[in-house]
Amino acid sequence: MTIKTDKAPDSGDARPASETAAPEALKAIPVRHYGRWVSAVLALAVLGLLINAFAQGKVNWGTVPDYFFDGDVLRGVRNTITITILSMVVGVVLGVLLAVMRLSKNPVTSSIAWFYIWFFRGTPVYVQLLLWFNLGLVFEFINLGPIYKDYWSSFMTPFLAALLGLGLNEAAYMAEICRAGLQSVDEGQTEASHALGMSHAKTLRRVVLPQAMRVIVPPTGNEFINMLKTTSLVIAVQYYDLLQATSNVGQTSGATVEMLFVAAAWYLVLTSVLSVGQYYLERRFARGSTRNLPPTPLQKVMKANLLSFGNRQAGGTA
Amino acid sequence: MTATPMVKAEGVHKSFGAVQVLKGIDLEVAPREVFCLIGPSGSGKSTFLRCINHLEKINGGRLYVDGELVGYRQQGNKLYELKDREVAAQRRDIGMVFQRFNLFPHMTAVENVMEAPVQVKRETKAVARERALKLLDRVGLADKAGNYPSQLSGGQQQRVAIARALAMEPKLMLFDEPTSALDPELVGDVLDVMRDLAEEGMTMVVVTHEMGFAREVGDSLVFMDNGVVVESGDPREVLTNPRHERTKSFLSKVL
Ligand SMILES: Nc1ncnc2c1ncn2[C@@H]1O[C@H](COP(=O)(O)OP(=O)(O)O)[C@@H](O)[C@H]1O
Ligand SMILES: [Mg+2]
């Protein structure tokens, strides 16, 4: 043999080469995770049984894709998205306000906030929805002086009842989330900001809130996803949401159960989209809190490809 | 002295609940003076410093900065508390540097320095950025402008904090143990920046345990203990020939 290889360190004339080359890769038998295999097989078996049960059941699966993009269903989807976003906007804006009021030194404002949170957290949202819708029994008219005057029943549309019912309830929960966030910011931050001549309001907006966001955003994402699902209750005030749309279609076409699956699938699609959005939002508000942000899944894929490509090249030329 | 003192304290009292922390502080800081404040932990040095820019409200006495009453307006013999906006306006002229830096962690170094000029003085971002970069250069951190505080060492963070305070062009700078939270090898850089500042004529009140700095840079020195001024005078004099027993025993512990 005249060919020198550095893969044979025991051969005498290869020794100088092996001293300069990279050390041989460590070979070890990895720990066997038998538990993982067992649990995976069990899970697959259960899944198979479930699929079998559903396939044999009296569900006409063919109608599910047929109705997925039905005009009425899509209108319900649009309405569900609208009411979710608007209720969350009401909830977040009012929640921040309530949190600031709750932490205020003024005993009147902090008591008002306390009372609000006490009431709206202490009663079921379903009851609140019904109350808004039926307040006409208490107030026959709504009278805002010269600006607006109408019967309560024609003022309180299903949309407005749904928005108030969901948004005002959400505000109570958001207030608690925001309060925790505001209190998580170090007092030295407020002091430094005040020492620079920034007012209370500026300090709150520029220094405290952006840092509180790191604590506020993750639970708010959960609230958003919860809200999307809670909107299915607005059937109580006759708002035409996704669930209302699918049950209407189900009743007229006779495919009641199938339409429930259509609804479930749409809710899953929407909550999945929200989860992705939440991930990127959390990343954005983590700025400055860690030395290096972790890569996004997309960046991870890119990096993995580049690395393996680089390795192959290095291996080829070594 | 004919010039208005930059800081004037007359019988300043401060208590937290039932605990009296400042028990009648009288002192004057002249313009362009480097005024050092030393004393054992818990003697009320930080509290006094925080009273100067009204981060703490005093319970008795009077505190003036550049001839103006801090935090109050006097009409006849009645005192009126100033509104939030008016207090903020007074603080614009007083820079403060904290022991734990207190940089804004969600902003880069240059954004930290720009923040107050843009938000408080309504400077345009371009103008504020240019000045902020100059200030960072002055504290030796021109290349760290884009770093977040978590990406800077303690000494670098403290120098950014000094630049941030200077961006408001204050007439008085307060330093609360600016080097106490630093690794020993990083103390020098911060003290160098402070020394330059003193040479340029900035009025400074410095709470410190760096006796070398007090001796070299300080124009006057006060030893505080238990909420009162025990001894004051020329730093070299007080540090080498303390007259009071309490000063002597404190110095013997730190020197
Ligand atoms: N916000 C506060 N509430 C109650 N006590 C305080 C507060 N701040 C400081 N103190 C007390 O005041 C005393 C003086 O504190 P400080 O001014 O920080 O001393 P120094 O800076 O000289 O170490 C200490 O006993 C401290 O516990
Ligand atoms: Mg202190």
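What follows draws every value from the coordinates through simple rules; no lab data is involved. It should be emphasised that the depicted structure is a prediction, and the values quoted were computed from it without experimental measurement. Virtual Cβ from ideal backbone geometry, glycine too; neighbours counted across all protein chains shown.
Among all lysine pairs in region B:1-99 that are eight or more places apart or on different chains, how many have alpha carbons less than 20 angstrom apart?
Going through region B:1-99 pair by pair, I get 13.
Checking a compactness column here: for region B:1-125, what do you get for Rg(Cα) / (2.2 N^0.38 Å), N being the number of residues?
It is 1.18.
Jot down the radius of gyration and Dmax of region A:168-301, Cα atoms only, both in angstrom.
Values for region A:168-301 (Cα only, Rg and Dmax): 20.8, 69 Å.
So for region A:68-287, what are the equivalent ellipsoid semi-axes in whole Å, largest first, each being the square root of 5 times an eigenvalue of the Cα gyration tensor?
36, 25, 13
Would you tell me the mean number of C-beta atoms belonging to other protein chains that fall within 10 Å of each C-beta in B:147-155, as a whole number?
Mean partner shielding for this stretch: 2.
Cα centroids of region B:45-78 and region B:179-231: how far apart, whole angstrom?
A separation of 23 Å, based on Cα centres.
May I ask you to sort B:S153, A:S199, A:S272 by Cβ crowding, counting other Cβ atoms within 10 Å and putting the fewest first?
Least crowded to most crowded, the residues run A:S272, B:S153, A:S199.
Could you work out the Kirkwood radius for the protein assembly as shown, taking every pair of different alpha carbons, averaging 1/r and inverting it, reported in Å? Before the final figure, lay out the partial values.
Values: mean 1/r = 0.0332 Å⁻¹.
Taking every pair of different Cα atoms in the protein assembly as shown, averaging 1/r and inverting gives 30.1 Å.
Grab the beta carbon distance between B:D234 and B:L79, set R0 = 22 Å, and tell me the FRET efficiency rounded to 0.05.
Efficiency, from the Cβ-Cβ distance: 0.05.
Working from the pairwise distances between different alpha carbons, so that the mean of 1/r is found and then inverted, what is region A:126-233's Kirkwood radius in Å?
Mean inverse Cα-Cα distance, inverted, gives 16.8 Å.
From zero outward in steps of 10 Å, how is the percent of C-alpha pairs of region A:197-262 spread across the bins?
Values per bin, smallest distances first: 18, 26, 19, 16, 13, 7, 1.
Using r as the Cβ-Cβ distance of A:F155 and A:S253, and R0 as 41 Å, what FRET efficiency do you calculate, to the nearest 0.05?
The pair A:F155/A:S253 has a calculated efficiency of 0.75.
Just order A:208-217, A:42-51, B:193-202 by mean Cβ neighbour count inside 10 Å, highest at the front, would you?
Values: A:208-217: 20.0, A:42-51: 10.0, B:193-202: 16.2.
My ranking of the peptides, most packed first, is A:208-217, B:193-202, A:42-51.
Using Cα-only point scatterers and the Debye equation, what is log10 of I(q)/I(0) for chain B at each q in 0.09 Å⁻¹, rounded to two decimals?
Taken in order of the listed q values, log10 I(q)/I(0) reads -0.40.
Which ³J(HN,Hα) values in Hz, rounded to whole numbers, follow from the phi angles of region A:174-186 under the Karplus curve 6.51 cos²θ - 1.76 cosθ + 1.60, where θ = phi - 60° and Gly and Pro get x?
Each residue of region A:174-186 in turn: 4, 4, 5, 5, 5, 4, 4, x, 4, 6, 7, 7, 4 Hz.
Using the basic label-point model (7 angstrom from Cα toward the beta carbon), what is the A:N134 to B:S252 distance in nanometres?
According to this spin-label approximation, the distance is 8.4 nm.
Long-range amide H contacts for B:M204: which residues qualify at under 5 Å (H placed 1.01 Å from N, peptide plane, sequence gap of 5 or more or a different chain)?
B:E33, B:V34, B:F35, B:M173
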